[in-house]
Every structure is written in C-alpha cells, then in structure tokens.
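Novice: First the structure, which I've put down as structure tokens, then a few questions once you've had a look.
The values are calculated or read from the model by the stated rules, or taken from the named source; none is laboratory data. Since we're looking at a predicted model, the values are computed, not measured. Don't worry about glycine lacking a Cβ; one is built from the backbone with ideal geometry, like all the others, and counts go over all protein chains shown.
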Amino acid sequence: MSHMTTTDPVNDYVTGHEFKMLIGGKFVGGSDGKTSTVVDPSTGSDIGEVPVATARDVENAVAAASQAQPEWEALGVDGRAECFDRFRTLVRENRERLAMLDAIDCGNPVSGMRRDIDNCDPSLDGYPAMAKAMTGEVFPGDGDRLHYSAHRAFGVVGRINAFNHPALFAITRSLPALITGNTVVMKPSEETSLSTLAAGELFAEAFPPGVVNIVTGGAEVGDGIVTHRSIKRLGFVGSVPTGLLIQRRGAESGYIKQFSLELGGKNAMVVFPDVDIDEVVRGAISGMNMTTNAGQACGSNSRVVVHAKIYDEFVSKLADALGDYRMGVAYQNDTDIGPLVSRRHWSKVTGYVQAGVEDGATLVRGGDRPQGLPEGGNYLEPTLFADVRPEMRIAREEIFGPVMSVFRWSDYDDMLSLVNGVEFGLTSSVWTNDLSVAHRTANAIQAGYVWINDSTQHFFGTPFGGWKNSGLGREDSKDEVLSYLEQKVVHARFGDAKSALDRMLR
Ligand code: NAD
C-alpha cells in the first residue's frame with residue numbers, strides 16, 4: 001500500500017481495545033453478550049466488535065438517567081458548567097485518539113476529524129454562556145400580583161446520531177440538553193460507534209454517574225429510546241425517512257414527544273455570471289465537503305446551478321479541479337478524500353450514478369472506483385454530472401456521497417423554481433458580486449441556512465437547521481438551548497399587605 005504511515009493506527013487505537021457502553025457510570029457490554037463487527041471502510045477488514053444493547057440495557061440506561069436527573073438539575077448552571085470545563089480538557093487531551101477513531105471507523109480523512117474535535121470548543125464554551133442567559137420573564141401584574149416564568153429541564157433526553165461526524169455529534173449534540181439540567185441517553189450510528197464509546201470514557205470522568213449514558217446498536221435500540229415512556233424530548237440527526245418514522249413511532253407510544261430533527265439536504269449552490277469562476281469552483285468543492293467526508297454531509301451543495309453564460313467553462317474547470325485530490329486510506333495524513341462509510345452505502349451511491357446515466361445526464365468524470373487503493377475499501381472517485389434536469393432522480397433525492405450535479409439556468413424565476421422545487425430546505429449558497437442580487441436571491445431561497453459567496457462554514461451561535469423536510473428545530477444556538485427546557489409560569493397574589501403589616505408591627 002502506498003503512502004503508509006510508519007505506525008498502524010488501527011493497531012494503536014482499535015485492536016485489543018475494549019469498547020463498552022456507558023450505563024449509570026459503568027462500562028458494560030450488551031446484557032445478552034451480542035456484539036456487531038466493526039469494519040474498516042478504508043480496507044474492508046474486520047477490526048473489532050462493539051456491543052449491541054438489548055431492550056433491558058435501554059431500560060437500565062433510562063433508569064440510570066432518571067435517577068441521576070434531579071441532583072444534576074439541582075446543581076444549577078454553574079455547577080454543571082464545571083463538568084463542561086473538565087470535559088473540555090479531556091476532549092483536548094484525547095483529540096488524536098478521537099480523530100483517529102473516526103478516520104478508522106467512518107472513513108473520513110483524519111485531518112478533517114482533528115478539525116471536528118477542535119470545533120467542539122465553541123460549543124463547550126457557548127452552551128453554558130447561553131444557558132446562563134435563559135432567565136425567564138416577569139409579566140405585568142395588576143399591582144396585587146406578580147407573574148413570572150421559569151425554566152425547568154424535561155428530565156431524560158434521548159439523543160440519536162447520524163454516522164457522518166461521529167465524535168463531533170457524540171461530544172456536542174448532548175451539551176445543550178445537559179447544560180439545561182437534563183440527563184441523556186445517547187445512541188451513535190451502528191456504522192460508527194467507536195468514537196462515541198471512547199467519548200463515553202471522558203463523559204464518565206467529567207460528569208456524575210448516570211448523567212450521560214451511551215447505548216449502541218441499530219434501529220431497534222433507537223426505537224427503544226424513541227418510544228420510552230420516560231423520554232419526552234428527543235434530539236435526532238439522520239435521514240428524512242427515519243425522521244418521519246420516529247415521529248410516527250413516538251406518537252404510537254401513546255406519549256406526547258418533542259423532537260428536534262436535523263435531517264437531509266439537496267442543497268443548491270446558485271452561481272451568477274459575474275463571478276470569478278476559479279474562486280467559485282473552489283467554493284463548490286469545499287461546499288460539497290469532498291475532503292471532510294466524501295460528500296457525506298447534510299449541508300453539501302450537491303446541486304450546482306450555474307448560469308448559461310459561464311456554464312461550459314465552469315463545468316470543465318470543476319471537472320479538472322476534482323482531479324486534484326489524493327484519495328486514500330482515511331487514517332493516513334496525506335489523504336484528501338477517503339472511502340464511503342460502508343459497502344451498503346457505496347452500493348446505494350453508485351446506484352445513483354447509474355440512475356444519472358440512465359436518466360440521460362452527462363457523466364463528466366468519476367463514477368467508478370479509483371485505481372491503486374485497497375480492494376476492500378469503499379472508494380468512489382469524485383463524480384460530476386452535467387446537463388442534469390430537475391425531474392431526474394439524481395436531481396431530487398439525497399445521494400450523500402461524492403456526486404455533484406450541475407444544472408444550467410438562464411431565466412431567474414425558472415432558476416428559483418428549480419432551487420426550491422425539492423422536498424428539502426437545509427442549506428444553500430449564492431455566488432455573485434452584486435449585493436442586491438445576492439440578498440434578493442438569499443431571501444427567495446427556501447432553506448434554513450444560506451451563504452453568500454461562501455459555503456460549508458458553521459458559526460456557533462447562529463441557528464442551524466432545515467426548512468421543509470430537512471427538519472425541525474435549530475442547533476448551535478440560543479433557540480436550541482431553550483428547546484431543551486420546559487417553561488413554567490407562576491402567578492403570585494400578594495394578598496392584603498396593609499393588614500399583614502398591621503399584624504406584624506402591632
Ligand atoms: P439514518 O437515518 O439511517 O440513521 C440515523 C440514526 O437513526 C442512526 O443512529 C440509526 O441507528 C438510527 N435509526 C435508524 N432507524 C431507526 C429507528 N427506526 N428508530 C430509531 N432510530 C433509528 O441516517 P444516517 O445514514 O446515519 O445519516 C445520514 C443522514 O443524516 C443524511 O440524510 C444526512 O443528511 C443526515 N444528517 C443531517 C444533519 C443535519 O444537521 N441536518 C447532520 C448530519 C447528517
């Protein structure tokens with residue numbers, strides 16, 4: 001294998017290491033001993049085992065979380081923030097291990113996963129600051145009354161995560177629930193559990209037992225969390241079909257549930273004819289998250305909608321630029337683009353490539369396995385389709401891989417209909433040097449997060465989330481912190497102060 005580093009990260013971080021769930025402060029396997037095999041997507045090799053939780057394990061995790069909750073809430077924001085401080089130190093100390101585990105388990109290049117760990121810092125600092133500012137309100141009374149509102153935690157929060165940023169999700173997605181006094185039962189994707197289980201060791205060191213519980217497994221384990229009678233608030237990151245399913249399953253459980261749903265995208269990048277084409281080509285590739293996770297990111301600009309005047313030059317420059325990246329084993333430092341997460345997902349994505357060809361789009365480059373990489377790895381070349389039309393499957397469905405489609409536009413209103421004509425509405429970007437065109441277009445696009453002359457960046461504090469089927473609720477923001485709190489209004493009547501005073505001072 002070329003470009004092999006001298007040490008073997010799989011050996012250093014996985015082989016011979018035990019990965020256990022965290023329930024009530026204890027590290028445990030599944031109660032019936034069942035495990036699932038961890039496959040390295042860079043090589044296809046079986047490299048370890050992780051526990052599969054039983055229904056009883058989920059029950060135990062919720063019981064531990066319920067038991068720990070009142071004391072955790074009673075600590076107050078400052079007391080809880082002290083645990084965040086300890087946790088931040090541990091996350092920093094374990095940066096390399098967590099990043100490597102994600103590269104090994106998920107196939108995302110390790111350089112990007114190091115960035116993911118660094119990106120946890122703003123959340124670890126920001127959520128406590130936001131929670132301190134959640135003060136409740138005082139409402140005007142009639143002179144004899146005081147009305148005020150206060151916030152309380154829900155209790156136990158269920159967290160279910162997608163596969164594509166495993167450590168980042170494990171570390172940051174439960175923080176808003178925790179800082180508001182909830183305890184958590186968290187489940188990572190069954191495809192990428194290693195870094196979440198490793199993060200469990202850090203949670204166990206920084207937080208009291210039972211405050212964070214981690215169970216591993218697939219849909220059944222997730223369903224156990226979703227339908228549990230003691231879990232009213234659920235935070236979910238994943239696909240639209242699963243999002244729809246868990247809302248239904250939550251309702252079928254007979255308990256009212258509050259969900260936040262961070263779901264898929266089919267995000268459009270709109271390019272006007274006045275741009276610097278080279279700059280926008282670079283923006284298209286970074287916006288596609290090619291190097292972070294081979295396009296397997298919710299916010300990726302998989303639809304590039306380019307004005308006819310510059311279309312041919314844009315497509316040819318984008319095709320060339322996509323050839324500049326080094327594909328390889330994800331845990332080698334010089335890899336730009338890694339494999340897809342699993343063989344199953346590789347088949348799904350290459351199925352879309354086939355559908356694009358069948359539906360008449362022009363395959364400009366890619367679509368195949370690259371040469372010279374481990375046979376068992378799930379590699380797919382960066383793939384570019386041109387002449388894509390809105391009715392094609394590749395134009396409508398989320399592919400979640402390194403596949404970009406370029407559309408040609410000339411009429412402004414038709415372009416907007418194309419951009420808004422999908423079920424999703426997560427992100428979008430607008431590229432032009434004309435201010436009024438930029439803002440007018442940003443305003444007209446149906447999406448929760450729109451960049452102007454930029455792509456892919458997240459800024460902690462700005463609410464991230466989707467319109468339409470891309471989701472419900474907003475992350476990384478005050479709105480999110482508030483969404484983990486129940487509100488209570490208290491009405492106090494003062495009574496007759498004059499007679500009270502008379503009695504008191506008699
Ligand atoms: P997925 O929907 O297949 O799985 C997500 C999680 O749900 C996993 O932990 C899985 O085990 C669990 N799950 C599956 N079936 C379940 C059930 N019946 N009940 C309860 N839990 C169940 O998604 P994925 O393939 O892991 O992730 C990719 C998807 O996530 C894409 O659609 C992507 O756009 C989306 N995503 C969205 C965001 C965002 O912030 N909007 C971020 C990352 C990923």
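Novice: Do we find that Ser455 is of a type in the set (S, T, N, Q) and loosely packed, with under 13 Cβ neighbours inside 10 Å in this structure?
Specialist: It is false that Ser455 is of a type in the set (S, T, N, Q) and loosely packed, with under 13 Cβ neighbours inside 10 Å.
Novice: Please determine whether any residue of segment 187-201 is farther than 29 Å from Pro41 by Cα and in contact with a helix residue (DSSP H, G or I) (Cβ under 9 Å, 6 or more places away or on another chain).
Specialist: The answer is no, given that none of the residues of segment 187-201 is farther than 29 Å from Pro41 by Cα and in contact with a helix residue (DSSP H, G or I) (Cβ under 9 Å, 6 or more places away or on another chain).
Novice: All but one of (1) more than 16 Å from the ligand (Cβ to nearest atom); (2) in contact with a helix residue (DSSP H, G or I) (Cβ under 6 Å, 6 or more places away or on another chain) hold for Asp312; state the number of the condition that does not hold.
Specialist: Every listed condition holds for Asp312 apart from (2).
Novice: Just need a number here: residues in segment 237-256 that are within 23 Å of Gly425 (Cβ to Cβ) and not hydroxyl-bearing (Ser, Thr, Tyr).
Specialist: Residues flagged as within 23 Å of Gly425 (Cβ to Cβ) and not hydroxyl-bearing (Ser, Thr, Tyr) within segment 237-256 amount to 11.
Novice: Before we move on, is Leu373 touching a residue at least 12 places away in the same chain (Cβ under 8 Å) and part of a strand (DSSP E or B)?
Specialist: no
Novice: Now a separate question. Kindly provide the set of residues from segment 77-98 that are without any contact (Cβ under 8 Å) to a residue 60 or more places away in the chain and within 11 Å of Leu175 (Cβ to Cβ), ordered by number.
Specialist: Of everything in segment 77-98, just one residue is without any contact (Cβ under 8 Å) to a residue 60 or more places away in the chain and within 11 Å of Leu175 (Cβ to Cβ), namely Arg88.
Novice: All but one of (1) under 30 Å from Pro128 (Cβ atoms); (2) among the charged types (D, E, K, R); (3) in contact with an Asp or Glu (Cβ under 8 Å, 6 or more places away or on another chain) hold for Glu73, so report the exception by its number.
Specialist: (3)
Novice: Separate question: Within segment 352-372, track down each residue that is under 14 Å from Gly323 (Cα atoms), of a type in the set (D, E, K, R) and more than 28 Å from the chain's Cα centre (by Cα).
Specialist: Listed by number, the list holds a single entry, Arg365.
Novice: What number of residues within segment 107-128 satisfy the criterion of being assigned to a helix (DSSP H, G or I) and either over 22 Å from the mean Cα position of the chain (by Cα) or not small (Gly, Ala, Ser) (or both)?
Specialist: 13
Novice: Let me ask something else about it. With the structure loaded, tell me whether Phe494 is among the aromatic types (Phe, Trp, Tyr), surrounded by fewer than 21 Cβ atoms within 10 Å (Cβ to Cβ) and over 24 Å from Leu234 (Cα atoms) or whether it fails that test.
Specialist: yes
Novice: Of the residues Asn301, Asn293, which is assigned by TED's automatic domain parsing to the domain that holds Phe424, touching a Cys at 6+ places or on another chain (Cβ under 9 Å) and either aliphatic (A, V, I, L, M) or buried (at least 23 other Cβ atoms within 10 Å of the Cβ) (or both)?
Specialist: Asn293
Novice: Further question on the same structure: Out of Asp387, Asp334, I need the residue that is among the charged types (D, E, K, R), at positive phi and either in the same structural domain as Ser428 (by TED's automatic domain parsing) or modelled with pLDDT of 95 or more (or both). Which one?
Specialist: Asp387
Novice: Out of all the residues in segment 12-19, is one or more assigned to a helix (DSSP H, G or I), at negative phi, modelled with pLDDT of 95 or more and under 25 Å from the mean Cα position of the chain (by Cα)?
Specialist: yes
Novice: Further question: Could you please let me know if Thr183 is polar (S, T, N, Q), assigned by TED's automatic domain parsing to the domain that holds His17 and more than 10 Å from the ligand (Cβ to nearest atom)?
Specialist: In short, yes.
Novice: All but one of (1) out of contact with any helix residue (DSSP H, G or I) (no Cβ under 8 Å at 6 or more places or on another chain); (2) among the small types (Gly, Ala, Ser); (3) part of a loop (DSSP other than H, G, I, E, B) hold for Ser300, so report the exception by its number.
Specialist: (1)
Novice: Scan segment 305-324 and give yes if some residue there is in contact with a strand residue (DSSP E or B) (Cβ under 6 Å, 6 or more places away or on another chain) and part of a loop (DSSP other than H, G, I, E, B), otherwise no.
Specialist: No; the residues of segment 305-324 include none that is in contact with a strand residue (DSSP E or B) (Cβ under 6 Å, 6 or more places away or on another chain) and part of a loop (DSSP other than H, G, I, E, B).
Novice: Can you list the strands (runs of 3 or more DSSP E) found entirely within segment 186-284 that contain at least 1 residues being surrounded by fewer than 24 Cβ atoms within 10 Å (Cβ to Cβ) and more than 9 Å from the ligand (Cβ to nearest atom)?
Specialist: 231-237, 258-262
Novice: For segment 133-164, what are the residues that are within 14 Å of the ligand (Cβ to nearest atom) and touching a helix residue (DSSP H, G or I) at 6+ places or on another chain (Cβ under 6 Å)?
Specialist: Scanning segment 133-164 gives Gly158, Ile160, Asn161, Asn164.
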